[in-house]
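Readers should treat all values here as calculations from the given coordinates under stated rules, not as data from a laboratory. This is a predicted model, so every value here is computed, not measured. Here the Cβ positions follow ideal geometry from the backbone for every residue, glycine too, while neighbour counts run over all protein chains shown.
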Amino acid sequence: MGEAVAPEVVVSREDLLVWYEQMALIRRVEELAAKAYTLRKILGFCHLYIGQEAVAVGAVAALEPKDQLITAYRLHGHALAKGISPRAVMAELFGKETGATHGIGGSMHMASKEHEFWGGYGIVGGHVPLGAGAAFANKYSGDGRVSITFLGDGAAQQGAFYEAICMAQLWKLPAIFVVENNYYAMGTSLERQSFLTDMSKRGAGVGMMHWQFEAFDVVDVYRNIKHAVDHARSGQGPVLLEAVTYRYRGHSMSDPAKYRAEGELDTHKKEHDGLKIVENRLRDLGVSDDEIKAIKDRVAEVAKDAYDFAESSPEPDATKLYDYIYAEP
Ligand SMILES: Cc1ncc(C[n+]2csc(CCOP(=O)(O)OP(=O)(O)O)c2C)c(N)n1
Ligand SMILES: [Mg+2]
């Protein structure tokens, strides 16, 4: 299996408006999460997705609701894109009972069976076999579902990742693996952690269909992921993609990101900001600046509502500390 080129797609104005709103919402929720973190309303780890919004939104748009999504710890964007409410996401960050995982999981460990959102894991690369496992279940039951697994460029150096793609290809599982190459694994640039800098090429070693694409424009993301999903769902086997993206914030809230080259971040914000790219696309389709502002205002309200909801929600009851650990408590 070699590399592929995804065919062009026509995206409707309606779809683009929905995607823009989702991306803007992710950014706003993340900005408020950053604020809450500095106020110590959110404790522990908190990895923000700002800059990468187009990836989660474009990818989920190419899926069906029944398809499973598995990701690592930079997950707030994926959770929102998969349909978990901003209230449930924010409350989980605040560690409140009303959160997606009852305030027990926190930032890195959200999940929702209802939304086929299967976490949320802190061990780098350790979650990739779960994506292959979900795809195995899909193939075994013949239910037509695909699984999509997101991992970072750093995770693509992990053994678990390699083992998972070996088996997924051997068994022709309906799985899509997306390496979000955001240039860094904590403070280490991709060039300093891997001889190979296009992680999709790892697929060549196991005979898997693979390719790399720029993932700043949500339409490009949709187009490429849709092509991969069609391939996997039709029974032709898994696909490994590298989505080239960029994170604007540090690795986590405690990282000032001093390792970047001077001007690198500004250049990305100027030339590759996913939100600005969609805004330009919308303007080309005749959407007015007033309409775009109305979406931004609406999103700001929804995010603020989520923040207020999280703040006023109760803490989990201490007697429930051991709930949700074993199937039979
Ligand atoms: C097995 C393991 N090794 C090391 C760590 C510490 N660690 C946490 S995040 C991270 C960087 C991973 O970077 P990447 O996969 O590129 O994801 P990103 O943070 O860029 O989304 C490391 C080394 C860990 N959590 N698990
Ligand atoms: Mg990375």
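So here's what we get for this one:
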quantity	calculated
Cβ charges +1 (Lys, Arg) and -1 (Asp, Glu), total dipole of the stretch 13-310, debye	560 debye
The chain, helix-only ellipticity at 222 nm - DSSP H runs n ≥ 4, -39,500 (n - 2.57), divided by all residues, nearest 500	-13500 deg cm²/dmol
Protection proxy ranking, peptides 307-314, 243-250, average beta carbon neighbours within 10 Å, highest first	243-250, 307-314
Gaussian network model of the chain, Cα within-10 Å springs - most flexible of Arg28, Arg298, Arg40	Arg40
Set of lysines with alpha-carbon distance to Lys276 below 21 Å, sequence-local pairs under 8 removed	Lys293, Lys296
For the chain, convex hull of alpha carbons as volume per residue, Å³	130 Å³
Spatially proximal lysines relative to Lys258 (Cα-Cα < 23 Å; intrachain offsets below 8 disregarded)	Lys35, Lys269, Lys270
Residue-wise HN-Hα coupling along the stretch 177-192, computed from phi with Karplus coefficients 6.51, -1.76, 1.60 (Hz; x: Gly, Pro)	10, 10, 7, 8, 7, 9, 6, 9, 10, 6, x, 9, 6, 4, 4, 8
Sparsely packed GluC sites (Glu not before Pro) within the stretch 256-298, loop by DSSP, other Cβ within 10 Å at most 12	Glu262
Stretch gain in nm, segment Met186-Ala204, where the contour uses 0.36 nm per residue and the Cα spacing is subtracted	3.8 nm
Within the stretch 1-138: Cβ-based charge dipole about Cα centre, in debye rounded to nearest 20 (Lys, Arg +1; Asp, Glu -1)	640 debye
Integer Hz, Karplus 6.51/-1.76/1.60 couplings in order for the stretch 69-78, x for Gly and Pro	10, 10, 8, 9, 9, 8, 10, 4, x, 5
For the stretch 39-50, 3J(HN,Hα) per residue [Karplus equation, 6.51 cos²θ - 1.76 cosθ + 1.60, θ = phi - 60°, Hz, x = Gly/Pro]	8, 6, 8, 10, 10, x, 7, 7, 10, 8, 9, 4
Relative contact order (%) - the stretch 176-286, alpha-carbon pairs under 8 angstrom, separation at least six	33 percent
Sequence-separation-based contact order of the stretch 13-310, relative, with Cα cut under 8 Å and 6+ spacing, percent	23 percent
The chain: most fluctuating residue of Gly106, Gly152, Gly122 per GNM, C-alpha cutoff 10 Å	Gly122
Ranking of Phe195, Phe94 by count of other Cβ atoms within 10 Å, fewest first	Phe195, Phe94
Dipole-positive endmost among Ile295, His115, Leu93 within the chain (Cβ charges, Cα centre)	Leu93
